[in-house]
1. Before I look further, what does segment 308-375 give for accessible area per residue, probe 1.4 Å, in whole square angstrom?
2. By average Cβ neighbour count within 10 Å, what is the ranking of 159-166, 237-244 from highest down?
3. When the Kirkwood radius is taken over all Cα pairs of segment 132-182, what Stokes-Einstein diffusion coefficient follows at 37 °C and 0.692 mPa s, in µm²/s?
4. So how do Trp438, Trp493 rank on accessible area, 1.4 Å probe, biggest first, that is with the largest at the start?
5. If I take the Cα coordinates of segment 121-250 and project them onto the principal axes, what are the three extents in Å, biggest first?
6. Set the bar at 28 Å for Cα to Cα. Now go through Lys16/Lys347; Lys335/Lys484; Lys60/Lys337; Lys221/Lys330 and name every pair that lies beyond it.
7. Applying a 10 Å radius around every beta-carbon, put 93-105, 361-373, 224-236 in order of their mean neighbour count, most first.
8. Once you have the Cα-Cα distance between Glu367 and Glu291, take 0.36 nm times their residue separation minus that, and quote the gain in nm to one decimal.
Amino acid sequence: MPSAISSDEWDLPRLKASIVFEDDYQNLASDDQDTEFFDVKFYPYSDVTHDPIFAAVSKKHVVIYRLSNQANPPFELVQLFRDDDKDALNCSCTWTKDPETEVPYLCVAGRDAKIKVYDVVQGKLVKVLVGHGGEINDLATCPTNFLLIASASEDTTVRIWSLDPAHSQQPCVCLLAGEGHSSGLLTVAFHNGGRYILSAGHDNVICLWTLPDLPPQSNGKVPSKPIVIHYPHFFTSEVHSGIVDCVAFFGDLVLSRACHEDIIVLWRIEGFSSRDPPPEISEAPTTSDTERLTRSAFAPATASACPPQYTRLLEFWTPHCGHQFYLRFKLFHDKDKHPVLAFGNAKATIFFWDLARLGGYHQFISEVRDPDRDKTQPVHRPGWLAPIQHRHKGDAVSKLKDAASDRESVVSGRTGSVDLETQLDLNTNYSQETLESWELKYDMTHVDEPIRSHSQSGISAKDFVARQVAWSASGEWCVVVGSKNLAGILQRWHKKDRADDKEKKPTKSTRIEGSCDSNES
């Protein structure tokens, strides 16, 4: 049995504060009022011991904040600039750095089909990337080369841009287009290895693309045209039945969600492994067999044998999303810490799932049910796997349940233990209500039964619609942005009196008037 894990490792974020940004409406048409943040990203290149910095993007503004345990409230506005381009309505951002000085750069994009690159320290526009024929709905930075940026557009294509000065004449180095998508794109994501990209959007399709060696060179010269990839190595319209607005890799697995479904799906592309040599571009399946809703170069279907080309593994329940799309989840994934999935719905609720708990629950249940185990030894029960207890004065039924709970287990410490010398199975140790609650949250055996959240946090603003979630590099801070120009600041692991923390109400900042520090001219 593994050694007990520090209790902090199992903590999930709680609401710490909220920030409200008040826009200056005087230069906007009534239908363009800047009342919503669409994207938020933490700066990923600083030391994890430093106070984290995040950027949030609304239609016309970019705000940069620093978070700190030493401040009250725990945030500080460090930069604010406004995009006064009349056609600009921004919705996405991603971080990079100056290739020579490594000054933080923020790329911002939206309706005007331009990627604007800002020097965050100076708050000045330094570069504009042009080439898409429609609105840009998502941006992502390559995790292995910060000079490569991916953009997903309404023109149905993904473009890969290089900020290397050597490509200043032709910054678009690769174009993923042709036979992948038939409608506008909403989301794009890199694999941690930098070689593969996921894309999805309005056509309900999710594609996996294999990138060539980038940036390209030919006989030591920079090509004058981008490399064009016509076919993805994996294509499916079967995982979701609605508009797909968020995709991400979890190792070699895929997480995705679509509007109207109220779930996030974890699934596997059969035969795909990033440890294998990448397939050749020519190995991508073509559209010659249009009846197939899934096409894959990793587990190709033939007339004589049709192996599964993808497998659904888990679903996570995200209720009350309604008709909204462009709601984004975010996975915190660090090899030394628990992976935690976060998502905000259209009813001011933020959901968290600690994926390490799923394995912990499976191990606990397996040990309790092991017929060969030593019955004289207690089975350790994780502290987060707490029995349901009712404590209502005067309620005779609740008192009986409390008495039964007292006999259920002997709990020691945060990780706990269950004394089973005289109680030999789960059915006699725990109430049916407790067992059903655990199964809904942690049982991985029922693929079609969505897993309920392990923790929830409410945002104080009524009918707040959460658009995007971001994690700091250390996993301590989580920021959620969305409607009503609101950002929720959530935190875990902070060493302080939890009783005081429980009583403290979220802090709102002084409202900040929009400024005009930056424009394209």
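The values are calculated or read from the model by the stated rules, or taken from the named source; none is laboratory data. Predicted model only: the values in this text are computed from it and were never measured. Heads up, the Cβs are rebuilt from the backbone with ideal geometry, glycines too, and the neighbour counts pull from every protein chain shown. In case anyone asks, the SASA skips ligands and DNA or RNA and just uses the protein heavy atoms, side chains included. Shrake-Rupley method; radii C 1.70, N 1.55, O 1.52, S 1.80 Å.
1. Numbers: 2860 Å² over 68 residues.
Ligands and nucleic acids excluded, the result is 42 Å² per residue.
2. Details: 159-166: 20.9, 237-244: 18.1.
Sorting 159-166, 237-244 by mean packing, highest first, produces 159-166, 237-244.
3. Calculated translational D: 288 µm²/s.
4. Trp493, Trp438
5. 43, 38, 29
6. Lys335/Lys484; Lys60/Lys337; Lys221/Lys330
7. Numbers: 93-105: 17.4, 361-373: 13.6, 224-236: 19.4.
Descending packing order for the listed peptides: 224-236, 93-105, 361-373.
8. The span from Glu367 to Glu291 would gain 22.7 nm if fully extended.
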